[in-house]
Amino acid sequence: MGSANIGWMFYKEAFKKLENSNYPRDMKAVNGDILNAGLSEGYPFPNGTHHAIELKTTYPGLVIGSGYPHALKENKENFNFGFFFDHTTGMPIIPGSTVKGVLRSLFGQNKNERHKEQKEALIASLLPKKAQVAAIAKAIFEGINLDGTRQTPYKRDIFLDAYVIRIDSKLLSDDSITPHASPFKDPVPNKMLKLAPGVTIQFAFELHDTVDENGKVILSADEKEELFLSLLLWHGIGAKTNVGYGQFVLSEEDNKDTPQSANQNRSTSSISHKNRLNKHNNQQASKKSESHTTAKRRHQNPWRKIKVVKKASEEK
């Protein structure tokens, strides 16, 4: 089954039986179709940009949009948390605003940032050239040039919605959260929907070179793409990343032009860029992601592992 609008089934049809007792399908039947759904016909659509990253979800999967209401008391078939679907296609997507917000939070420039030095040290270690992290963050996320002037709308970096482009076996699966309110009471499982492991997501961007007041390139568009790739592999995205959800590995089909892939509009430079990253990120970034996930599962603070190295001039 791949043509039904999953978002409509999840938020509308699942509750039809409660509104009309004569409706032929109950919540259990609808949820079964949701869990068996695949990609819609003709989906995904070419993104029209050569700055794209393909990442595959790992176990236990990815949760996005869990803050949306969907609870229904005393109904075991109901999913107790919301999920984010594209309104038109009904397919799961990660909004571009979410991608931008997650990446921006890792630069450590938010007000009252608790781990500012550690985050700036992480970004500095990933930048190909020496640059002020705060200035780079403003250029990427606020559209402010290094000389303080505003970028034109046509030169600003754009974060597009992330779409599912391939699935290994299943698109969606169910899971449960079992909070223990009291050691003397039986816990009540809360059912939730998630993207299954083995789902390949394409993160797409419209990126531009960041230059200084003399026109010298400080951070190229391809270098930004490499930076975003490393951060997504290291940190992940979505809800419950502190217990292993929302983690990725590089898609092994990242450079293949298959009919189901949205790579067909990408330039040769981007494809060669991915080839350069495959070896490095399989060894380095995946190792970071693995150690980061392990630390989170042990309820440790992952930022403690990042050492802040101060220059000799700063120590004097």
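Structure data summary
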{"quantity": "For peptides 19-26, 170-177, 219-226, sequence by mean Cβ density within 10 Å, most packed first", "calculated": "219-226, 170-177, 19-26"}
{"quantity": "Least to most buried among Phe184, Phe228, Phe84 (fewest other Cβ within 10 Å first)", "calculated": "Phe184, Phe84, Phe228"}
{"quantity": "Mean shadow area of the range 135-199, taken as a quarter of the surface of its Cα convex hull (nm²)", "calculated": "8.8 nm²"}
{"quantity": "Simple spin-label estimate for Asp186 and Leu35 in nanometres, 7 Å along Cα-Cβ", "calculated": "2.0 nm"}
{"quantity": "Equivalent ellipsoid semi-axes - Cα gyration tensor, the range 1-145, angstrom", "calculated": "40, 19, 13"}
{"quantity": "Whole-number percent relative contact order across the range 1-106, with pairs defined as alpha carbons under 8 Å at least 6 apart", "calculated": "28 percent"}
{"quantity": "Filter on Lys16/Lys185; Lys17/Lys170; Lys56/Lys224 - keep pairs with C-alpha separation over 22 Å", "calculated": "Lys16/Lys185; Lys17/Lys170"}
{"quantity": "Radius of gyration, Dmax [the range 91-196; alpha carbons; angstrom]", "calculated": "20.0, 62"}
{"quantity": "Mean separation of Cα contacts under 8 Å, 6 or more apart, over the residue count of the range 63-172: relative contact order %", "calculated": "23 percent"}
{"quantity": "Rg and Dmax of the range 16-59, Cα atoms only, in Å", "calculated": "17.6, 51"}
{"quantity": "Virtual spin-label span in nm between Asp209 and Val249, 7 Å along Cα→Cβ", "calculated": "3.7 nm"}
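None of the figures in this text is laboratory data; all of them are computed from the coordinates on show. This one's a predicted model, so the numbers in the text were calculated from it and none came from an experiment. Heads up, the Cβs are rebuilt from the backbone with ideal geometry, glycines too, and the neighbour counts pull from every protein chain shown.
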